[in-house]
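Please treat every number below as a calculation from the coordinates, not as lab data. Keep in mind the model is a prediction, meaning the values are calculated, not measured. Cβ atoms come from the backbone with ideal geometry, glycine included; neighbour counts cover every protein chain shown.
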Amino acid sequence: MKKIIEPRLTIIGAGNLASTLAVSLREAGYAIDQIVSKGKAASLKRAQRLAGEVGASAVVGTRARIESEVVWFCVPDGAIRRAAEVLKDAADWKGKVAFHSSGVLASDELRELRRRGAAVASVHPLMTFVRGSRPALRGVPFAVEGDPRAVKVARTMVEDLQGQLFVIPKRYKQAYHAWGMFASPLLTALLAASERVAVAAGVRRGAARKRMLPILRQTLQNYAELGGPQSFSGPIARGDAETVKKHLYVLRAIPEARAIYVALGRAALRDLPAKNRAALKNILGG
């Protein structure tokens, strides 16, 4: 364990993101004073479990008294403003720093705490957080927007987490979050649709996941090392219109997957190198 460093933190929430942040910050040497939760029994139980991991105390928000210098809200987007309202009298906010971790909302969601003297920022890790997985934050980009003093504190903390902080103007946050949607949740949706196509090919879903992993890993490696154009392969890249026709024919039995195929095929013709474009555009309706 590293030597404890300042500032001390209070984490609001005990979900997947909160758990990863709290444990990572503690491992980086930060003291976590409190894990603040809703009053529901399940929420408090999660907070108590996380508090035990990081040497903090668990407390219900309506009874919280916050002494730590930094407060990090890790609650759903729609709950940020309400959580700030609930906690507005839980501390003397003058001189404190408050973060929230919404990718799509600006730091203004914490305006109530800003009015009370806190410096506020949105600090969003470009990473996926799901139950049963606690990703490392080393190398993860964090998009930050907000008051200069809060941004400065965020920069230091992200560097201590060995992440990569970059500043994003608030007017770009919605597009930024949509980008993240493409990078993970919609990619997961594509993979789930791929499993349905595998079933049509006589392959069970569980087996399909395992059999797709080598090509998925190589595709990501190619993309990382070579970029999109040079890592694009398959019948569209080759201009093989007849094969694309056959794909669309068999996918009539899976209309949702067929729609994804057509949409991504059109996107490929716009963004990636392909031969026989006129024929492919005619087939794909682009």
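Here the ratio of the Cα radius of gyration of the chain to 2.2 N^0.38 Å is 1.23.
Output the Kirkwood hydrodynamic radius of region 183-284, Cα pairs only, in Å rounded to one decimal. 14.5 Å is the Kirkwood radius here.
When the C-alpha to C-alpha distance is required to be over 27 Å, the pairs from LYS96/LYS170; LYS38/LYS152; LYS40/LYS88 that qualify are LYS38/LYS152. The angle between the Cα long axis of helix 16-27 and the main principal axis of the chain comes to about 60°, on a 0 to 90 degree scale.
Computed about the Cα centre, the dipole magnitude for the chain is approximately 800 debye when only Lys and Arg (+1) and Asp and Glu (-1) carry charge, each at its Cβ.
Rounded to the nearest 20, the Cβ-based charge dipole of region 183-284 about its Cα centre (Lys and Arg +1, Asp and Glu -1) stands at 280 debye. Helix-only arithmetic for the chain: the sum of -39500 (n - 2.57) across DSSP H runs with n ≥ 4, divided by the residue total, places the mean residue ellipticity at 222 nm at -15000 deg cm²/dmol.
Taking amide H as placed 1.01 Å from N in the peptide plane, the amide H of GLN164 sits under 5 Å from that of GLY139, VAL140, PHE142, each at least 5 places away or on another chain.
Could you calculate, for region 94-186, the ratio of the Cα radius of gyration to the Kirkwood radius, expressed as Rg to Rh? Result for region 94-186 is an Rg/Rh of 0.98.
Taking a straight Cα-Cα cut-off under 22 Å and skipping sequence neighbours fewer than 8 places away in the same chain, the lysines within cross-link reach of LYS281 are LYS245, LYS246.
Each of TYR223, TYR249 was scored by other Cβ atoms within 10 Å of its Cβ. Listed from fewest to most, they are TYR249, TYR223.
Annotation: the residues SER57, SER68, sorted from fewest to most other C-beta atoms within 10 Å of their own C-beta, follow the order SER57, SER68. For LYS275, the amide hydrogen comes within under 5 Å of the amide hydrogens of ARG238, GLY239, counting only partners 5 or more places away or on other chains and with H modelled in the peptide plane. Each Lys and Arg adds +1 at its Cβ and each Asp and Glu adds -1 at its Cβ; summed about the Cα centre, region 81-230 shows a dipole of about 360 debye. Shown in residue order for region 194-206 are the 3J(HN,Hα) couplings computed by the Karplus curve 6.51 cos²θ - 1.76 cosθ + 1.60 at θ = phi - 60°: 4, 4, 5, 5, 4, 4, 5, 8, x, 10, 5, 4, x Hz (x for Gly and Pro). Residues in region 110-126 carry Karplus couplings, in order, of 9, 4, 4, 6, 4, 4, 8, x, 7, 8, 10, 7, 9, 10, 10, x, 7 Hz; the curve used is 6.51 cos²θ - 1.76 cosθ + 1.60 with θ = phi - 60°, and Gly or Pro positions show x.
Sites listed here are trypsin sites (Lys or Arg not before Pro) in region 136-219 whose DSSP assignment is loop and whose Cβ has at most 15 other Cβ atoms within 10 Å: ARG138, ARG204.
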